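The values are calculated or read from the model by the stated rules, or taken from the named source; none is laboratory data. Not measured: the values here are computed from a predicted model. Glycine also receives a Cβ, built like all others from the backbone with ideal geometry; neighbour counts cover every protein chain displayed. Note: accessible area is taken over every heavy atom of the protein model, side chains too, but ligands, DNA and RNA are not part of it. Shrake-Rupley method; radii C 1.70, N 1.55, O 1.52, S 1.80 Å.
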Amino acid sequence: MSRIVYVNGEYLPEENATISIFDRGFLFADGVYEVTSVIDGKILAFDGHVERLQRSLRELQMDTPCTMEELEAIHRELIVRNNLVEGLIYLQVTRGAADRDFAFPVGVKPSLVLFTQAKNILNNPVVENGIKVISIPDIRWHRRDIKTVQLLAPSLGKMAAKAAGADDAWLVEDGFVTEGTSNNVYIVKKDGTIVTRNLSTDILHGITRAAVLKCANEAQMKIEERPFTIAEAQDAAEAFFTSASAFACSVVEIDGVKIGNGTPGETAKRLREIYLIETMKTAK
Ligand code: PMP
């Protein structure tokens, strides 16, 4: 069945939705995006995602396509029109369409596209088994705190992981792990301390990261925000990752080395549970 998607003010069947070939998102990856999860027809952590979207737009001197209230109304309308109970909503803003020129065009209206993806996100087989990752060099640009649509490097990373029989790749720069191809990453030391890279322009400031660390803090877990190496991760008691669509999931193998006993750890499981309870409280 065809979805109803949103494109620049219109709700259309997906096969009728179009964007100009001159759109700078297409020509220059000149765009930003957000992905939110939907459970029971409600959007998780909406405010956090909207705040980050505004920050991404600001950092790139890009105009806002509409008010944040309108944005919420569009999300809601797509949930209704597509009978979305569980899944994802993808949102993309680009600088808009203009004749090809590296310099930003003046007075161009940004493009806004949203679509839904019905998906089972609660009963994810990955939670039961955990994932295997490989490490690869982080070849992305140096403003990873801006959620741009330049996703070729992460895409190549996922392909390298697949080719190696793994599920994802952890990116390494100057000897330290930055993040996963599409998630923030953590290790749990043998004394129970959670270690995750500190916020900077080196990583995306995950909305799930912020919420999970808040949950961990409230549950009296010890947290260290600092870079760590692959060797330290391989020697850890647990490893896991977070993202808006996966919540918290275990990593059970890194570069062929089993983490702990090679099965999903208790810290990740517990944080996933607490995160879901807490985040559902504010779901809209
Ligand atoms: N890092 C990267 C590179 C990502 O692409 C994502 C998810 N889009 C994340 C971290 C996790 O962010 P969030 O929890 O906001 O989904």
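The conditions of being more than 12 Å from the ligand (Cβ to nearest atom), closer than 16 Å to SER243 by Cα, open to solvent by less than 50 Å² (accessible area, probe 1.4 Å) and in contact (Cβ under 8 Å) with a residue 24 or more places away in the chain are not met by ILE203. Residues that are more than 30 Å from GLU70 (Cα to Cα) and hydrophobic (A, V, I, L, M, F, W, C) within the range 97-156 comprise PHE102, VAL126, VAL127, ILE131, VAL133, ILE134, ILE136, ILE139, TRP141, LEU152, ALA153, LEU156, listed in sequence order. With respect to the conditions (1) in the same structural domain as ILE74 (by TED's automatic domain parsing); (2) part of a loop (DSSP other than H, G, I, E, B); (3) open to solvent by less than 10 Å² (accessible area, probe 1.4 Å); (4) not aromatic (Phe, Trp, Tyr), VAL108 falls short on a single one, namely (3).
Just wondering, is there one or more residues in the range 136-148 that are of a type in the set (A, V, I, L, M, F, W, C), in a strand (DSSP E or B), over 28 Å from GLY48 (Cα atoms) and at pLDDT 95 or above? Yes - at least one qualifying residue is present in the range 136-148. Does VAL93 count as part of a strand (DSSP E or B), assigned by TED's automatic domain parsing to the domain that holds ARG272, open to solvent by less than 30 Å² (accessible area, probe 1.4 Å) and under 20 Å from SER182 (Cα atoms)? So VAL93 does not fit the description; no. Count of the range 28-40 residues, restricted to those that are more than 15 Å from the chain's Cα centre (by Cα) and surrounded by 16 or more Cβ atoms within 10 Å (Cβ to Cβ), is 4. Residues that are more than 16 Å from the ligand (Cβ to nearest atom), assigned to a strand (DSSP E or B) and not charged (D, E, K, R) occur in the range 13-32; there is at least one.
For the range 45-66, taking the residues that are away from the ligand (no atom under 16 Å from the Cβ) and open to solvent by 20 Å² or more (accessible area, probe 1.4 Å), the one that is farthest from VAL149 (Cα to Cα) is identified as CYS66. Among the residues of the range 266-277, is any open to solvent by 10 Å² or more (accessible area, probe 1.4 Å), closer than 16 Å to ILE194 by Cβ and within 17 Å of the chain's Cα centre (by Cα)? Yes, the range 266-277 has at least one match. Every condition in (1) farther than 24 Å from SER200 by Cα; (2) outside any loop (DSSP other than H, G, I, E, B); (3) in contact with a Lys or Arg (Cβ under 9 Å, 6 or more places away or on another chain) holds for ASP47 except the one numbered (1).
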